[in-house]
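A.B. asks: Following this message is one structure expressed as structure tokens.
The values are calculated or read from the model by the stated rules, or taken from the named source; none is laboratory data. Not measured: the values here are computed from a predicted model. Cβ placement follows ideal geometry from the backbone for every residue including glycine, while neighbour counts extend to all protein chains displayed.
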Amino acid sequence: MAEYARRLISGNPSLNERITVVKGKVEDVELPEKADIMISEPMGTLLVNERMLESYVIARDRFLVPNGKMFPSIGRMHMAPFSDEYLYVEVANKALFWQQQNYYGVDLTSLYGPAFQGYFSQPVVDAFDPRLLVAPPIMHALDFTSLQEEELYEIDIPLRFVSSVGTRVHGLACWFDVLFDGSTVQRWLTTAPGAPTTHWYQLRCVLTQPIYVMAGQEITGRLHLVAHSAQSYTMYLTLSAKMWGAGAEQGGIIQTSSGKLDLKEPYYRMSQPQAYAWNQEQQSHQQLLQTQDSALQSQDAVGPGLVQQPVQNSGVALNR
């Protein structure tokens with residue numbers, strides 16, 4: 001990359017006078033002075049995959065002047081439960097090969113269980129229809145201007161949703177956006193479902209055991225990300241459906257489903273959702289970023305945290 005940058009600059013004399021290319025890791029190189037502005041693309045799948053954010057934070061501490069500008073400056077991880085029977089069956093059916101009792105004389109059934117778990121340990125990367133979401137999303141914010149490297153080693157996100165529809169919940173859908181906060185203009189780069197598809201797509205964690213919910217029922221859980229040496233994260237996901245209806249005030253959990261996934265080894269499904277026209281009720285979902293931007297501007301500071309987003313109708317039954 002550094003060599004290509006040098007070639008590009010040498011072919012443009014006006015740039016050659018203004019740009020100096022320094023080749024090396026941000027952890028190792030030395031610069032003659034601090035920078036006023038730092039621009040990078042440290043985002044991976046689900047924002048944190050590839051663990052480039054750690055290098056971004058290290059570069060900030062080493063090279064950026066106090067109160068210097070970072071582009072991007074804030075990242076937000078968004079999550080919502082989803083229902084997708086077709087995807088669930090697709091993932092589960094991958095393991096059917098291992099149910100053969102006579103594959104050229106070999107009984108494969110002893111490996112069916114590990115194969116089944118293995119396929120569900122792969123997060124699904126694709127673009128999906130936002131009508132598959134069954135509750136308004138929540139978000140977890142990372143402020144790159146103040147975030148410490150150690151905070152990225154483990155990321156713990158408590159989950160709480162209220163289902164908009166009665167359905168089977170097959171797992172947790174995730175996406176992210178990042179803020180480019182200029183002096184006069186703010187711009188969000190989003191990977192949200194329903195927005196123009198990016199090369200990051202979206203990510204879905206499919207559980208081996210779906211849970212059943214009714215409209216208005218509370219869904220709780222936890223998403224815990226633990227960094228590992230392969231430049232990614234192990235994901236521990238738990239979703240539970242709390243008691244609903246008569247006797248709900250007594251509390252308690254009636255269904256729980258958990259999974260362990262490796263963000264480094266996703267299933268790149270890469271399917272594209274079919275285009276459809278937004279109806280009037282779904283306009284609030286399409287306007288999600290504008291609503292969030294306004295909310296963000298009203299805050300004095302944004303740090304790691306959990307925010308319930310004001311989406312009114314993100315759970316619409318989708319018939320296949």
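A.B. asks: Being outside any loop (DSSP other than H, G, I, E, B), farther than 17 Å from L87 by Cβ and either in contact with a Phe, Trp or Tyr (Cβ under 7 Å, 6 or more places away or on another chain) or modelled with pLDDT of 95 or more (or both) narrows it down to one of L239, L225, L203, so name that one.
C.D. replies: None of the other options fit; the residue is L225.
A.B. asks: Another question, then. Going by the conditions given, is G113 more than 19 Å from the chain's Cα centre (by Cα), surrounded by fewer than 14 Cβ atoms within 10 Å (Cβ to Cβ), over 26 Å from R222 (Cβ atoms) and not hydroxyl-bearing (S, T, Y)?
C.D. replies: no
A.B. asks: Let me ask another. Residues being over 15 Å from the mean Cα position of the chain (by Cα) and buried (at least 17 other Cβ atoms within 10 Å of the Cβ): count how many of those fall in segment 145-178.
C.D. replies: 9
Quick grid of which residues meet (1) hydrophobic (A, V, I, L, M, F, W, C); (2) touching a strand residue (DSSP E or B) at 6+ places or on another chain (Cβ under 7 Å):
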residue	(1), (2)
F97	yes, no
S110	no, no
S121	no, yes
F128	yes, yes
L132	yes, yes
A135	yes, yes
M139	yes, yes
I155	yes, yes
